[in-house]
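The values are calculated or read from the model by the stated rules, or taken from the named source; none is laboratory data. Keep in mind that what you see is a predicted model, and the values were worked out from it rather than measured. Reconstructed Cβ throughout: ideal geometry from the backbone, glycine too, with neighbour counts over all protein chains shown.
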């Protein structure tokens, strides 16, 4: 809930850590829309974000995650892709590295009518109206360093050496863009303004202090005066810069898996800055299964002894193709931690001994075998529905089929899941073949599958 | 379909090309391609807004090119996009894959990926070349941490555009390279030109990759010793070393951790912490990390800063 996140921003201890899924283009995948659609079409974006809200039950949620919005307004060329946000392919301030960068006139600062900003504002207003009472909404802005690199291109790094004053002037311009964007987004109802600056991990602490400390301090102070909370997102190995980031006084920072979160939290606690993170995007969210996600989250939450100054979130913008069940698993672990801890206590993929698992000889069965893999149908609602569907079928077909439930809370069943390659719970298999994963079948569909299997067994 | 040669010996050699934006990677690749006549070559490019590799040249050498969507070129943690393209390439069983890393992103993750031999079992990782622009490198090295990471991830350096650099610029470039990677072989060139026997550089890299710590005295080397408490977890040890790894060229030690005896080993900036099952040579050998760095690297202050993140686990830092 929104209030839980606000309590965390006020540095109060909470009963559980707030959960903020960074679902940018991934939101589109939930409704079958690609990245281009979800970053340009207000109806599709709104529909997708509402689905995130429904499925992942967030305490806070970003509205549009695209670091190229401001750059596009300022004349950068974009190259679009269907499974990730666009990238900048042309830099308007590019030129000779022997000439200093030119600071654009303030008259170029994007207005509410520039580029895709009207689209972003519309989605923000609609989300505010629909879920703003219960979910804290994040307005995301491209940070001054990354925006400057979008505008100037690769010369920015030699500029910092050769043309310190002109480069600082360009950063200051970008910071003014950030402040203006913050005005628009706060007016549209955003509760948290997040400044997302991935390239901060690419510069030294000394350069951060030289070029970025003053703009960021001013920016976070400006956001605070406007009465909303702020966040500072980085990605990559920003470990060395965590302390100087804290010194710019944001309400929170957000880091990815490259940073040791517990050690970083101690630094942040020193400055009373909330830290968010850092569920691994690829190895866990994208490529892991639901149990991996639940286990990771439970372990992360358990490693933080006092529920204070911490927000549970992915390391950065979630990959487009993150399986929906993985994110649902994260949400469940975040919200019903005790229950999920119990469910996954026996799950340790490296140590699972599958040698004792006997897989039936599916090809030689005399009658169909229905196997339902659940977390525990007594505890997990979706598992209960799946098991009910199977039980109804058992009543219909009686002795003509065999039915068994494997609850994941038992060690031997965990081993069976690993050996069978069960990726999601609940799943329903008929004669060793995966038929339904997470989606509960209709009675008619399941009965038809069983009739087909009976015929198959006769052959 | 794989070619006949691929069917008989389905192994693909992979070369990684790194270097900051504008260092001359594309020009280099054009030269590099010539070293693989009559072989099936695939090129994976991860950069936008630059001059592309000439299509005619690719056709001449029978090379195929794939591009990686760049929306997350900043993100070291989004290797999945790279892996996806690499898997598609590898599935065609070419003789050679050349990967051009994005000039702005940290190549450590890509380098680390090839240390996991089970991920792409039929790929033989040959090593990484780092392109350096002799004119711009001294400045970039001071402002872009990526340059340090690129050198740390590489095995061979090619200092490009030496004809355009002043004597001071070239000298400083070489001195920075020598400071960070005294172990690294390098050559100076113009227009990315390389000798015909350039591939031999890689076989030398492979032969030396298993070397132990250098024992000979070298006045340009700095050797630090860090004493570690058994209270440290393997994960903390890994993250501790990662904080300064890019400024070293070798880190090694047998460390007693909360999860038993571990061998910490780092060449360039690829850190590995793995269980050690043999008996240690002596008790004194356990609990100390030895860190080697070249002259001019701020490794002592970096290690001290990293130690501040783990105050109860890092007991002391000292020069030998």
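Quick look at the numbers
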| read-out | value |
| --- | --- |
| Subset of segment A:190-221 [within 12 Å of another protein chain (Cβ to nearest Cβ) and within 20 Å of residue A:176 (Cβ to Cβ)] | A:196, A:197, A:199, A:200, A:208, A:210, A:211 |
| Selection status of residue A:222, touching a residue at least 12 places away in the same chain (Cβ under 8 Å), assigned by TED's automatic domain parsing to the domain that holds residue A:264 and crowded, with 24+ Cβ neighbours inside 10 Å | no |
| Qualifying position, being more than 14 Å from chain A (Cβ to nearest Cβ) and closer than 18 Å to residue B:148 by Cα, among B:276, B:300 | B:300 |
| Residue list for segment A:419-432, restricted to those being in contact (Cβ under 8 Å) with a residue 60 or more places away in the chain, surrounded by fewer than 18 Cβ atoms within 10 Å (Cβ to Cβ) and over 16 Å from residue A:446 (Cα atoms) | A:419 |
| Test result for residue A:394, in a helix (DSSP H, G or I) and either crowded, with 18+ Cβ neighbours inside 10 Å or free of Cβ contacts under 8 Å to residues at least 12 places away in the same chain (or both) | no |
| Residues of segment B:142-158 classified as more than 16 Å from the chain's Cα centre (by Cα) and more than 7 Å from chain A (Cβ to nearest Cβ), total | 0 |
| Single residue of segment A:247-295 satisfying the filter (assigned to a strand (DSSP E or B) and touching a residue at least 40 places away in the same chain (Cβ under 8 Å)) that is nearest to the other protein chains (Cβ to nearest Cβ) | A:279 |
| All positions within segment A:243-264 that are under 15 Å from residue A:277 (Cα atoms) and in contact with a strand residue (DSSP E or B) (Cβ under 7 Å, 6 or more places away or on another chain) | A:251, A:252, A:253, A:254, A:255, A:256, A:257, A:259, A:261, A:264 |
| Any hit, segment A:125-135, residues being in contact with a helix residue (DSSP H, G or I) (Cβ under 7 Å, 6 or more places away or on another chain), under 29 Å from residue B:22 (Cα atoms) and either within 14 Å of chain B (Cβ to nearest Cβ) or touching a residue at least 40 places away in the same chain (Cβ under 8 Å) (or both) | no |
| Test: residue in segment A:229-237 that is farther than 20 Å from residue A:6 by Cα and surrounded by fewer than 24 Cβ atoms within 10 Å (Cβ to Cβ) | no |
| Unique residue being more than 25 Å from residue A:352 (Cα to Cα) and surrounded by fewer than 20 Cβ atoms within 10 Å (Cβ to Cβ) when the list is A:314, A:250, A:319, A:305 | A:305 |
| Failed criterion for residue B:282 (all others in (1) modelled with pLDDT under 75; (2) at positive phi hold) | (2) |
| Test result for residue A:191, surrounded by fewer than 18 Cβ atoms within 10 Å (Cβ to Cβ) and closer than 21 Å to residue A:249 by Cβ | no |
| Verdict on residue A:429 being farther than 21 Å from residue A:352 by Cα and either at pLDDT 90 or above or touching a helix residue (DSSP H, G or I) at 6+ places or on another chain (Cβ under 7 Å) (or both) | yes |
| Positions within segment B:61-87 being at pLDDT 70 or above and within 14 Å of chain A (Cβ to nearest Cβ), in sequence order | B:66, B:79, B:80, B:81, B:82, B:83, B:84, B:85, B:86, B:87 |
| Identity of the residue in segment A:425-454, in contact with a strand residue (DSSP E or B) (Cβ under 8 Å, 6 or more places away or on another chain) and assigned to a loop (DSSP other than H, G, I, E, B), that ends up farthest from residue A:294 (Cα to Cα) | A:431 |
| The one condition in (1) within 14 Å of chain A (Cβ to nearest Cβ); (2) over 25 Å from residue A:201 (Cα atoms); (3) in contact with a strand residue (DSSP E or B) (Cβ under 8 Å, 6 or more places away or on another chain); (4) free of Cβ contacts under 8 Å to residues at least 60 places away in the same chain that residue B:173 fails to fulfil | (2) |
| Selection count where residues are in contact (Cβ under 8 Å) with a residue 24 or more places away in the chain, buried (at least 17 other Cβ atoms within 10 Å of the Cβ) and either within 14 Å of chain B (Cβ to nearest Cβ) or over 18 Å from residue A:39 (Cβ atoms) (or both), scope segment A:73-112 | 17 |
| Total residues in segment A:154-169, condition facing another protein chain (nearest Cβ under 7 Å) and more than 11 Å from residue B:136 (Cα to Cα) | 2 |
| Hey, residue A:338 touching a helix residue (DSSP H, G or I) at 6+ places or on another chain (Cβ under 7 Å) and surrounded by fewer than 24 Cβ atoms within 10 Å (Cβ to Cβ) or not | no |
| Whichever residue in segment A:222-246 is over 24 Å from the mean Cα position of the chain (by Cα) and not in a helix (DSSP H, G or I) and, among such residues, is nearest to the other protein chains (Cβ to nearest Cβ) | A:226 |
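A quick yes/no check of all residues on (1) surrounded by 14 or more Cβ atoms within 10 Å (Cβ to Cβ); (2) more than 14 Å from chain A (Cβ to nearest Cβ):
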{"residue": "B:221", "(1), (2)": "yes, yes"}
{"residue": "B:246", "(1), (2)": "yes, no"}
{"residue": "B:252", "(1), (2)": "yes, yes"}
{"residue": "B:261", "(1), (2)": "yes, yes"}
{"residue": "B:272", "(1), (2)": "yes, yes"}
{"residue": "B:311", "(1), (2)": "no, no"}
